[in-house]
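Data block below; observations after.
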4 protein chains.
Amino acid sequence: MTRDGAEHRPCGRGRPRSEQSRDAILQATLDLLEEAPLREISIQTIARRAKVGKATIYKWWPGKAYLALEAFLENTGRHAPIPDTGSARQDIMTHISMLSNFYLTRAGRIFAQFLAEGQSDPEFRKSFWDCFLSVRRRTVLPMLRRGVERGELRSDVDTDLVIDLLYAPMVYRLMIGHAPLDERAIQGYVTVLLEGLGTRVVDSRRK
Amino acid sequence: MTRDGAEHRPCGRGRPRSEQSRDAILQATLDLLEEAPLREISIQTIARRAKVGKATIYKWWPGKAYLALEAFLENTGRHAPIPDTGSARQDIMTHISMLSNFYLTRAGRIFAQFLAEGQSDPEFRKSFWDCFLSVRRRTVLPMLRRGVERGELRSDVDTDLVIDLLYAPMVYRLMIGHAPLDERAIQGYVTVLLEGLGTRVVDSRRK
Amino acid sequence: MTRDGAEHRPCGRGRPRSEQSRDAILQATLDLLEEAPLREISIQTIARRAKVGKATIYKWWPGKAYLALEAFLENTGRHAPIPDTGSARQDIMTHISMLSNFYLTRAGRIFAQFLAEGQSDPEFRKSFWDCFLSVRRRTVLPMLRRGVERGELRSDVDTDLVIDLLYAPMVYRLMIGHAPLDERAIQGYVTVLLEGLGTRVVDSRRK
Amino acid sequence: MTRDGAEHRPCGRGRPRSEQSRDAILQATLDLLEEAPLREISIQTIARRAKVGKATIYKWWPGKAYLALEAFLENTGRHAPIPDTGSARQDIMTHISMLSNFYLTRAGRIFAQFLAEGQSDPEFRKSFWDCFLSVRRRTVLPMLRRGVERGELRSDVDTDLVIDLLYAPMVYRLMIGHAPLDERAIQGYVTVLLEGLGTRVVDSRRK
DNA sequence: CGCTAACCGAGACGGTACGTCCAGTCTTGCT
DNA sequence: AGCAAGACTGGACGTACCGTCTCGGTTAGCG
């Protein structure tokens, strides 16, 4: 965790940071994110809601996006365990399906706003990647590796690229919103992708 | 085109809209988008740059995002023709490759900001879809259809879903920015996808 | 009449000025003055109300104050005839009393706004003087002269000064609004003034 | 003092109001009033001149008129002491003469603009009355009372009315501007008024 | 126990952009 | 040529936030 309110204390002198304020701020942020997009939430409003001085927020976070990110990570970011059923195909399908459920909740909308924020703030984009996205991707790696080791998945495709292929369609629908992210769509995505990612026994493929 | 400055006039009464002002506004917007993200551009600045009254902008566009969209469509949106080489696989690879080049230009960054804007403004999301995204998707349809008719592509996958699969990885990399959108990546994406989307002659697939 | 819409026509060429528009504009102005002070009335509003182009107004009047003045003169400015009862004291009392009634109507409020306008627009102040105030003052002159000739009024006081003394208290109360301009007040003013302005024969008045 | 920036603070919490800003705002207002009528001064200009945020002005004053009033009261409103020579006639003449000098300065023009403002803003009219006019009038009361007690002035005329009569002509000339407010005019006014207001012993005056 | 450092709430501050409104000017086509 | 309609530049309006800055007051650990 890089750009959020964690390390600051040089030594134990002086009054320590108020955990109560910190919690109130994060909670107020989450509450407000229920009602409005991040953009329309002002730091003033968060401060008022949390009964906290504006300066206290600026002291610990560089901006509302970072604040929202920390709130998100602490309260909403726990999700999508990696299954291990013995079948990579089954694992992937289950994982993606669970992930899609995550994207369908309020958390999904917040996630989308983080991506949006990143488009005009490269520094935040980096933070989001470091604190959330890269962690997630690292987490699924073993699952894919198992598939490759068992010979279920092709070994000649870069893992990063595989993850992109698996995650991208969901994110794409989330951001564009042209069609619902329902079970049918997920099924379709994964089916096609597994077809392309899987190995074949005989493989007298295509004319 | 729905929410941008097009139809307004009931009849030919009154002073007609100044095409000169319109062009100056759109040009100023494009110029400014070279230097900063949409978020950081104020309508005041656009007006000043275009030597135009702020009210003139508000009269014809509901906000800077719509303004940017119109500028984008008029000056940057022409690209990525649909190839027809006789081979659907070849067509797709060429198309996606050309499209990735588009995303690598300044236009790509602007495109990303439109998606970002859509996360906090549903109305704009709709406009962006109507004026750009849906048009693009409609345009590739024939290409895919040809592939299906020629027996090159599976016919049991919904076309919308196919398009999602083709476009999503590029957009995903564009927004997250964790890795470059280079030719190697594109090759990887398309190769895997075509594997999954293609038909097979014998198809004694997999155990 | 100097700065209002009177002379403009060089010759009889072209379409003549529309009397209908002129009347509609003046009427709209009067109507609006019923509801709001001159300050809060915009030329746009007048034009809309009169179903007239804004340019038509600007063509014939230099500003809304002049427009209001012309409307005022034409529709409201007729009032306060000069009595001639044979007694100057009686004449004055009657005249001032009638005038105070004028100031109590909507016309009084409009009159006050003309004075107000004059405080920031010397040119308009001049117009108001020329078109209205000076005319009024000239009108009362004979009345005062009769009083002097008959020996009722002192001859050693400048007439302009007398008129100031007679009119000022009403205008003062009108503008400050600290007390009503009722009959009692008028009686008080005039009584004292006549005492000061009148001649005396022997006059062993009052203890 | 009612509607100006005085009391607002509930207690000593928060950063205290900046006296420096307050002074800079009032000074800038006075400076600008030297050059232009109140109407033509924008709050933006005041803020710029005082190097102050616009919001700071709006926080403490409801409009530029109130702001100008406070500046006026603080820097210009101190004047016209009430003389006490033993002769009410002498006192009055001196007082009015001094007052007329006040009206001849820049302060006079500002005073006129306050009256003007009051014609379209009743609330400000009230403020002006409360903060300035009524105070002034209360101040002269003792002078008049002395005159009555000494038998120099009539006791049967309402004091408010007397003050109106004394002050009105000056204000009238100030607002209409048809003739200068010189010593001759003042002499004339007061002479006539004292004639009307004074008591007489035997008084076989004037042929 | 008192000192001192760092925290905290409250809220005023200079500044910038917002979106609206109006002034005054201009360009149409109709009368 | 006058007119209605209405678009134009320009600029002030009053509001909302931003991020910074004082205040007075609180809460630790250290001396």
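Could you tell me whether C:Met170 is more than 7 Å from chain D (Cβ to nearest Cβ) and in contact (Cβ under 8 Å) with a residue 24 or more places away in the chain? Don't jump to the end; show me each part of the working.
Details: more than 7 Å from chain D (Cβ to nearest Cβ): yes; in contact (Cβ under 8 Å) with a residue 24 or more places away in the chain: yes.
So C:Met170 fits the description; yes.
For B:Glu70, indicate whether it is away from DNA strand E (no atom under 14 Å from the Cβ), of a type in the set (D, E, K, R) and touching a residue at least 60 places away in the same chain (Cβ under 8 Å).
Details: away from DNA strand E (no atom under 14 Å from the Cβ): yes; of a type in the set (D, E, K, R): yes; touching a residue at least 60 places away in the same chain (Cβ under 8 Å): yes.
Yes.
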ask   = If you take the residues in segment A:120-139 that are touching an Asp or Glu at 6+ places or on another chain (Cβ under 9 Å) and either within 11 Å of another protein chain (Cβ to nearest Cβ) or not hydroxyl-bearing (Ser, Thr, Tyr) (or both), which one is nearest to A:Asp182 (Cα to Cα)?
value = A:Arg137
inquiry  = Considering only segment A:76-88, I want to know if a residue exists there that is free of Cβ contacts under 8 Å to residues at least 12 places away in the same chain and among the basic types (Lys, Arg).
reply    = yes
ask   = Would it be correct to say that C:Arg200 is facing chain D (nearest Cβ under 7 Å), surrounded by fewer than 16 Cβ atoms within 10 Å (Cβ to Cβ), modelled with pLDDT under 95 and not in a helix (DSSP H, G or I)?
value = no
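On the given criteria, is C:Arg138 surrounded by fewer than 18 Cβ atoms within 10 Å (Cβ to Cβ), within 21 Å of C:Thr29 (Cβ to Cβ) and under 15 Å from the mean Cα position of the chain (by Cα)?
On the way: surrounded by fewer than 18 Cβ atoms within 10 Å (Cβ to Cβ): yes; within 21 Å of C:Thr29 (Cβ to Cβ): no; under 15 Å from the mean Cα position of the chain (by Cα): yes.
Here the answer is no, as C:Arg138 does not meet what is asked.
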ask   = Could you list, in sequence order, the residues of segment C:75-95 that are under 13 Å from the mean Cα position of the chain (by Cα) and in a helix (DSSP H, G or I)?
value = C:Asn75
query = Which residue pairs have Cβ atoms under 6 Å apart, sit 6 or more places apart or on different chains, and have a first residue in segment A:144-167 that is basic (Lys, Arg) and a second that is part of a loop (DSSP other than H, G, I, E, B)?
reply = A:Arg154/A:Thr199
Selected residue [facing chain A (nearest Cβ under 10 Å) and more than 27 Å from A:Ser134 (Cα to Cα)] from B:Asp164, B:Asp156 = B:Asp156
ask   = Just checking, which of A:Ser87, A:Ser134 is touching a His at 6+ places or on another chain (Cβ under 8 Å) and of a type outside the set (Val, Ile, Thr)?
value = A:Ser134
message = Given the criteria assigned to a helix (DSSP H, G or I), within 13 Å of another protein chain (Cβ to nearest Cβ) and over 25 Å from B:Arg22 (Cβ atoms), does B:Gly108 qualify?
response = yes
note = Among the residues of segment B:41-64, the number that are surrounded by fewer than 16 Cβ atoms within 10 Å (Cβ to Cβ) and either within 8 Å of DNA strand E (Cβ to nearest atom) or among the hydrophobic types (A, V, I, L, M, F, W, C) (or both) is 7
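The values are calculated or read from the model by the stated rules, or taken from the named source; none is laboratory data. As the structure is a prediction and not an experimental result, all values here were calculated from the model. Cβ sites come from the backbone with ideal geometry, for glycine too, and all protein chains shown count toward neighbours.
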